[in-house]
Amino acid sequence: MGSDPDEELVRRIASGDNAAMQALVSRKLPRLLALARRMLGDAMEAEDVAQEAFLRIWRNATRWRPGSARFDTWIHRVALNLCYDRLRRRRDWAGGELPDLVDPQSEALPHQAEAAGERVERALQAIAPRQREAIVLTYYQEMSNIEAAAAMEVSVEALESLLARGRRSLQALLIGES
């Protein structure tokens, strides 16, 4: 087995091993759900994205090549592409505008920490998608800059630029809400 912790599982999945697929789902599902939920702002759509990502793993496990990219990077790229497909469909359906993903009429949250988290989630949905992707991968998915850049298929410098712009955008939105 190489340096990729998922290499053996993916090899077993490629040979049709159902138990390996179940183990991979147990290992990766929470992270993929979190990624998709933060990218889409919708838990049900996040579940659909995660399910489709795992179907693609099952169907395409033989195509993944150890050494070309870590499996974790590959599956994050698959999930991100699925998220962008859904975001494009939303935009096309809504005439170019993304829908408001948080109900502005919702009742005030009982705890300040929950309210602050909700403000951050709302602001995260309002920034540019590529900036959101960079922030979600590095801060929420806890990927290194090198891993996040590989998942986004950009240079580390481009990722760092997206992060800087994303943080500024979030700050402006959050200060504007105060």
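One line per residue, one yes/no per condition, for (1) open to solvent by 60 Å² or more (accessible area, probe 1.4 Å); (2) more than 20 Å from residue 138 (Cα to Cα); (3) of a type in the set (Val, Ile, Thr):
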position: 5; (1), (2), (3): yes, no, no
position: 27; (1), (2), (3): yes, no, no
position: 31; (1), (2), (3): yes, no, no
position: 36; (1), (2), (3): no, no, no
position: 41; (1), (2), (3): no, no, no
position: 52; (1), (2), (3): no, yes, no
position: 56; (1), (2), (3): yes, yes, no
position: 63; (1), (2), (3): yes, yes, no
### Any hit, segment 51-64, residues being within 21 Å of residue 127 (Cα to Cα) and either more than 16 Å from the chain's Cα centre (by Cα) or at pLDDT 80 or above (or both)
no
### Test for residue 67: is it open to solvent by 70 Å² or more (accessible area, probe 1.4 Å), modelled with pLDDT under 90 and not in a helix (DSSP H, G or I)
yes
### Message
Just to verify a result, which residue in segment 131-170, among those that are open to solvent by 30 Å² or more (accessible area, probe 1.4 Å) and in a loop (DSSP other than H, G, I, E, B), is nearest to residue 74 (Cα to Cα)?
### Response
153
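The values are calculated or read from the model by the stated rules, or taken from the named source; none is laboratory data. Since this is a predicted model, take the numbers as computed values, not measurements. What goes into the accessible areas is simple: the full protein's heavy atoms, side chains included, and nothing from ligands, DNA or RNA. Shrake-Rupley method; radii C 1.70, N 1.55, O 1.52, S 1.80 Å.
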